[in-house]
Amino acid sequence: MERTKAALFDLDGVVFDTEPQYSIFWGQQCREFHPEHPGLENEIKGQTLVQIFDAWFSGSLQASQPLIVERLNAYERQMAYEYVAGFEAFVTTLRQQGIATAVVTSSNREKMEAVYAKHPAFKEFFDAILTSEDFERSKPDPDCYLKAAARLGVQPYYCVVFEDSFNGLRSGRAAGMTVVGLATTNPADAIRPFCDRVISDYHEINSLNF
């Protein structure tokens, strides 16, 4: 895809292989607050905190939200932020080719500070880092990716989105961008209908010419 001018990356499950760690955290919360719904942590994969709270921690459980946020912030400070295999080399190649890069994540700035502490050179991979504070509407709305494209000064048609969650994949599609799905969170066959290409990690892709 020679027209590519920008690559936009979600964070969890796309840049970092963190989804298994989040499954552990949400498994603990769901067993505590929703013991009647085994496996709920698998159903909420890829959803934002607001979406999870609205669907599962409202009403009589609304008072538990501050406690869960406190637990989540503490958990994220000690998480292992390990790159998805091949990511560092891939994003370095893109930048050498003159392709703009950005992170587009539903994570907040507090979490990103934890990321920077673990990876001081993280910011050098990207021309822009957009977090939940930068968006009015969450994925699957295209707002976040459209804002990222505008931040980079690139039309959506020239952007490639890298996503792992169904909401993220839908967001990229709705923004009118080419979408690469990573099968790190959901099976390849499940996400394939929402993607232009599916990869398991960045060793499977060496350019954006497809």
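For this structure, a couple of remarks:
- Sequence ranges 38-44, 3-9, 180-186, ranked by mean other-Cβ count within 10 angstrom, highest first: 180-186, 3-9, 38-44
- Simple label model, 7 Å out from Cα along Cβ direction - SER200 to GLU43, nm: 3.0
- Over the chain: helical MRE at 222 nm, DSSP H runs n ≥ 4 each giving -39500 (n - 2.57), nearest 500: -11500 deg cm²/dmol
- Extension gain, ALA74 to TYR116: 0.36 nm times the residue separation minus the Cα-Cα distance gives 13.6 nm.
- Gyration tensor (alpha-carbon) shape descriptor, segment 13-127, a/c threshold 1.5: prolate
- The order of the peptides 104-113, 161-170, 62-71 by mean Cβ neighbours within 10 Å, most packed first, is 161-170, 104-113, 62-71.
- Within straight-line reach of LYS45, meaning a Cα separation under 17 Å, sit the following lysines at least 8 residues removed in sequence or on another chain: LYS139.
- Taking Cα centre as origin and charging only the Cβ of basic (Lys, Arg, +1) and acidic (Asp, Glu, -1) residues, the dipole magnitude of the chain rounds to 460 debye.
- A viscosity of 1.306 mPa s and a temperature of 10 °C, combined with the Kirkwood radius over Cα pairs in Stokes-Einstein, give a translational diffusion coefficient for the chain of 91 µm²/s.
- Intensity falloff of segment 75-141 expressed as log10 I(q)/I(0), Debye formula with alpha-carbon point scatterers, at q = 0.18, 0.19, 0.24, 0.29 Å⁻¹: -0.79, -0.87, -1.18, -1.30
- Three-way shape label, segment 23-78, alpha-carbon gyration tensor, a/c 1.5: rounded
- Projected label distance in nm at ASP134 and ALA188, using a 7 Å step from Cα toward the beta-carbon: 3.1
- Computed with a 1.4 Å probe over protein heavy atoms only, the accessible surface of the chain comes to 46 Å² per residue.
- Those lysines that a straight Cα-Cα span of less than 18 Å connects to LYS123, excepting residues fewer than 8 apart in one chain: LYS111
- Quarter of Cα convex hull surface for segment 90-210, i.e. mean projection, nm²: 7.3
- Within the accessible area of segment 55-210 (1.4 Å probe), percent carbon and sulfur: 49
- Listed residue (THR105, SER132, CYS159) projecting farthest to the positive dipole end of the chain, Cβ model: CYS159
- Around GLN155: net Lys/Arg minus Asp/Glu count, Cβ-Cβ under 14 Å: +4
- Part-to-part distance (alpha-carbon centres) for segment 1-32 and segment 158-210, which is given in Å: 12
The values are calculated or read from the model by the stated rules, or taken from the named source; none is laboratory data. This structure is a prediction, so every number in the text was calculated from the model and none was measured. Methodologically, a virtual Cβ is constructed for each residue, glycine included, from the backbone with ideal geometry; neighbour enumeration extends over all protein chains shown. Calculation scope for accessible area: heavy atoms of the full protein, side chains included, ligands and nucleic acids excluded. Shrake-Rupley method; radii C 1.70, N 1.55, O 1.52, S 1.80 Å.
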